[in-house]
Every structure is written in C-alpha cells, then in structure tokens.
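J.: I have a structure here, written as structure tokens, and I will follow up with some questions on it.
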Amino acid sequence: MKTHFGKAFTAVLLASTIALLPILSIGQTRISMPKNKYKAQDDVKLGNDAARQVEQQFPLVNDAAAQRYLESVGQRLVAAIPPEYQQPAFHYRFKIVNASDINAFALPGGPMFVNRGMIEAAKNEGEMAGVMAHEMSHVALRHATAQQTKVNSPLNQILGIGAILGGAVLGGEAGAQAGQVFAAGYFLKFSREYEKQADILGARIMANAGYDPRDLANMFRTIEQQGGGRGAPEWLSSHPNPGNRFQYINQEATLLQVSPNPIKITQGFSRTQEKLRSMPKARSMSQIQQSIQQGQSPGNTSQTTGGRYSSSVQLPSTRTRSFSNNLIQMEVPGNWRDFPMVTSVQFAPEGGYGDQGITHGVLVGVDTSTVSNTQQASQNYVSTVLQGNSYLRQQGGYTRFNLSGCQGYTTTLSGISPVTNRLEAVTVYTAMLSNGQLLFVTTVTPQSEAYRYSNAFRNLLASIHVND
C-alpha cells in the first residue's frame, strides 16, 4: 500500500512537472552540431591567424569606452550560449571596424569584428546584439570548419581572411563589393542551412541574454532596405537568405522565454552611438579595399604589437642613425626602433609603443591622393588619422610648411590618450610630391613632454630626403 502510493504520487508529480515546463524545452527548434573532422583547436588557429590579417588591413576604432561597451555586450552574449554549444578552447573577443557599412563578421574560435556602421544603424542595443548573436552562432556551431569537412578540404587549404568570412553580414552595395573581395575563397558563402541554424541559435542566445529575438529579425529588415529598391540586397551573395527569415525568427521567439522587459535602449548604447556619430565620416568597405589595393595603410598600428608601454620612456638620443628604404632616407634618434609598413614606417623608443600604437615617436610615409590640391589632400589624410584615433581633435587650421624641399602644410591634433590617460600632442606635416603622392610626417608625444622632443623632431624633419 505504501509503495503503491509512492509510485502514484511520483507519477502525478512527474505529470505536473511536465505540464509546468517552459514551452522552450518542448517547442524550440533543436540544432545538431554539424559533422566536423577538425579539432576545436584548428578553429582557434584559423581564427587567430585571420584576426591578425584583419587588424593589419582594416581600420579599427581606437576608442577605449566604445571598445569596453562592445566587449560587455559580447561577453553577455557569450555567457548565454547554451552549454551544449560551448567550446572551452574558444576565446570570444570583439573590436569595432571604422567602416560605414552595416556589417559584422566572426572568425573561427571567437574573434568578432563589428562595423561602426552597424552600430550607428541599429535602433537599439537588441538589434546590434542580434547581429552579434547570429555571428557568434556561426562560431559556436563551428560552421567554418564544418563546411570544409563537407568538401573534404585539407586544413592547410583553408587560407586567410577570404577563406573564412562567408558568414559576414554585409549590407548595401558597398558592403557587398567588400564581401565579394574578402569572402572570395573556399567559403564563398555559408549554406542556407547554416544560415538558418545561426538565426535559430542566435535567437536562443538573445533570449537567454535578456534580449528580444525579434530585434534580430528587425535588423535583417534594416539590412534588406539598403537594397534601395534595386531588388534583393547584394549582401545575400555572401549571406544567403534561407527564406522567410523575418517570419521564422519571429516564430522562434514565441517558443523561447523572452523577458517581458527585454534590453532595448541602454546608456552604454546611446553613449557609444553618439560617440561614433560624432566622429569623422567613416569610409565604406569598398573604399578601404581600394586603399589596400593601392598599397595604403588603413590607419592601424598593429605592427607595434608586442611592445610594452611604460610611464618612464627614455628621451631621444642625441646620437642619430641613418634609415633608408625605397621611399625615404632620414636620420632618426639612435635609441628608436623602426616598424616598417607597406608605404610608411613608424619610429618609437622602448616603452613608447604597443598593441594600440605609439605614444612617443614619428610616423613617416606617403598617401596616394585622389586630388592634386595639396591642402585638400592634406585635409583628406588628416581625416583618416582622426577616423582611426577618435580621441583626437584638430586644433586650429593649416599653416604652410616646407617639407623635404616641397611646399606643404602642418596642423596639430590633441586629445586624451587611451593608453597614457594624458593629453597627447600630435603634429601632422604634409607635402605633395612630384609623382602626385602626399608625403606625411606625424609626430606623437604627451603634451607635457613635447618640449623635450622638439629638437629630435626638428632634426628628423630637416633630414628627410625622398627617393624619387
């Protein structure tokens, strides 16, 4: 009698529990991990290698507050990835690309790059987080290497950025052009099956993180509107629409436990969006790609990665050494290191360079200008510097200056450095060369130390000789 009662009670309790289970455990769409012959560590290596290429080729927004905000949203989403899709080897991290297109892409193993244009276009934090959750889902489901498993491709044939950007969200004609360039590899596009998987898992991650998955559907509508009435938006060439995307994401939301007060407008979102919109106008991805093809640097300073910043930086040596390449010849302080790039070179002392660029030193190079007017070309170059260093502001106008025997201009920029937290003084010198290129010299130092560097900068400027 006692045993029978226990079984009956257990049966009733089980039935009641099932009745009370959230609908998500019964009705939400289940996703199985795709077949994958590669190890998770292979994803990590591919992603890290490609991330280094991205950081060298794409201009990144150098704003500590905006970076912290994006990282906080990203980590909230990471924590919401369901346990069955967590990969302990993966390291998710987030950076802002200074480009105008509505775009975001994630690389195998966790690196994610979010375009400034996407953040500016989002109507609320949920829309931005939705795109991030979608891209994160491609990573968590290991779609990059899973797709290569399908075609039985050796790992050493998964090459560079082009091979792994198939899942980028690209909006608008310019974005599509860039997508065709950077996704022109083995993963020209993810399958529609993988796209739908990323939508579904992305919706679940959003709900788990306190967002409304419907904001992801709304963001796709925004991207589609960039087609401008020309029919299907061109981003579908690298981000295929599984069909009825808006409808099935909204349907999936009804199967999930969505907060009655989901995260929408936050102070961090409003401040970041306002900061980005106050910056100089960003270039499109196609314009950035054109600059790269012409041999120009997009404005990043990742060549100095590996250095350690110091609060005590050695003053410029009075002894100089000669530096020359196929571009220029000049004399630089003997205790400064050089960091060559494609069409420029940076010089900095120990303690004055690191993964966020230089805090003490000089950048010298040429910029392929599209205009022949020296002042206009100078203004264009300065705008590029301001885009890549959003904490800087131009102080005053342009003054005539003779650089390497050519008539040019100089102007000053300043702002609180995100590295030193001190007022930074930046002076830009430019001159148009006979071949139509713009020669530039950019000096950098904390304002309080500028007088100690004036002689070194003056001597360096006087010694520059261009190899025509």
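The values are calculated or read from the model by the stated rules, or taken from the named source; none is laboratory data. This one's a predicted model, so the numbers in the text were calculated from it and none came from an experiment. Glycine gets a Cβ as well: all are built from the backbone with ideal geometry, and neighbour counts include every protein chain shown. Just the protein is used for accessible areas: all its heavy atoms, side chains included, with ligands, DNA and RNA removed. Shrake-Rupley method; radii C 1.70, N 1.55, O 1.52, S 1.80 Å.
J.: What residues qualify as long-range amide H neighbours of Lys37, i.e. H under 5 Å apart, gap of 5 or more or another chain, H built at 1.01 Å from N?
T.: Thr149
J.: Using modelled amide H (1.01 Å from N, peptide plane; none on Pro or chain starts), what sits under 5 Å from the amide H of Thr266, excluding residues fewer than 5 places away?
T.: Sorted by chain and number, the residues that satisfy this are Glu125.
J.: Please list the non-local residues whose amide H lies under 5 Å from the amide H of Arg283, H modeled 1.01 Å from N, same-chain partners needing a gap of 5 or more.
T.: Ser100
J.: Given a Förster distance of 45 Å, report the FRET efficiency between Arg192 and Ser454 from their Cβ-Cβ distance, rounded to the nearest 0.05. Show your work: numbers first, answer last.
T.: Numbers: r = 62 Å, r/R0 = 1.37.
Approximately 0.15, to the nearest 0.05.
J.: Using 0.36 nm per residue, how much length does the chain from Val371 to Arg400 gain when fully extended, once their Cα-Cα distance is taken away? Provide the component values of the computation, followed by the final result.
T.: Details: separation 29, 0.36 × 29 = 10.44 nm, distance 1.82 nm.
So the extension gain works out to 8.6 nm.
J.: What ranking do 270-280, 138-148, 429-439, 124-134 get when scored by the average of other Cβ atoms within 10 Å per residue, highest first? Let's see the in-between values first.
T.: Values: 270-280: 15.7, 138-148: 24.7, 429-439: 18.7, 124-134: 27.5.
Ranking, from highest mean packing down: 124-134, 138-148, 429-439, 270-280.
J.: Tell me, what HN-Hα J-couplings in whole Hz come from the Karplus equation 6.51 cos²θ - 1.76 cosθ + 1.60 at θ = phi - 60° for each residue of region 39-53, using x for Gly and Pro?
T.: 7, 4, 5, 5, 4, 4, 5, 4, x, 5, 5, 5, 4, 5, 5
J.: List, in order, the whole-Hz ³J(HN,Hα) value for each residue of region 82-96 obtained from phi through the Karplus relation with A = 6.51, B = -1.76, C = 1.60 and θ = phi - 60°; use x for Gly and Pro.
T.: x, x, 5, 10, 6, 10, x, 6, 7, 10, 7, 8, 9, 9, 9
J.: Just flag the trypsin sites (Lys or Arg not before Pro) in region 36-87 sitting in loop per DSSP whose Cβ has no more than 15 other Cβ atoms within 10 Å.
T.: Filter output for region 36-87: Lys37, Lys39.
J.: What list of ³J(HN,Hα) couplings, whole Hz, do you get for region 403-419 from phi and the Karplus terms 6.51, -1.76, 1.60, once you set θ to phi - 60° and write x for glycine and proline?
T.: 10, 6, x, 10, 6, x, 9, 9, 8, 10, 10, 7, x, 7, 5, x, 8
J.: Enter the accessible area of Asp215 (Å², nearest 10), with the probe set to 1.4 Å and all protein chains included.
T.: 0 Å²
J.: Taking the Cβ-Cβ separation of Phe246 and Asn335 as r and a Förster radius of 60 Å, what is the calculated FRET efficiency to the nearest 0.05? Please list the in-between numbers first.
T.: Values: r = 60 Å, r/R0 = 1.00.
With a Förster radius of 60 Å, E is 0.50.
J.: If you stretched the chain out fully between Ser32 and Thr420, how much longer would it get, using 0.36 nm times the residue separation minus the C-alpha to C-alpha distance? Kindly include the intermediate steps, with their values, before the conclusion.
T.: On the way: separation 388, 0.36 × 388 = 139.68 nm, distance 4.75 nm.
Taking 0.36 nm per residue and subtracting the Cα distance, the gain is 134.9 nm.
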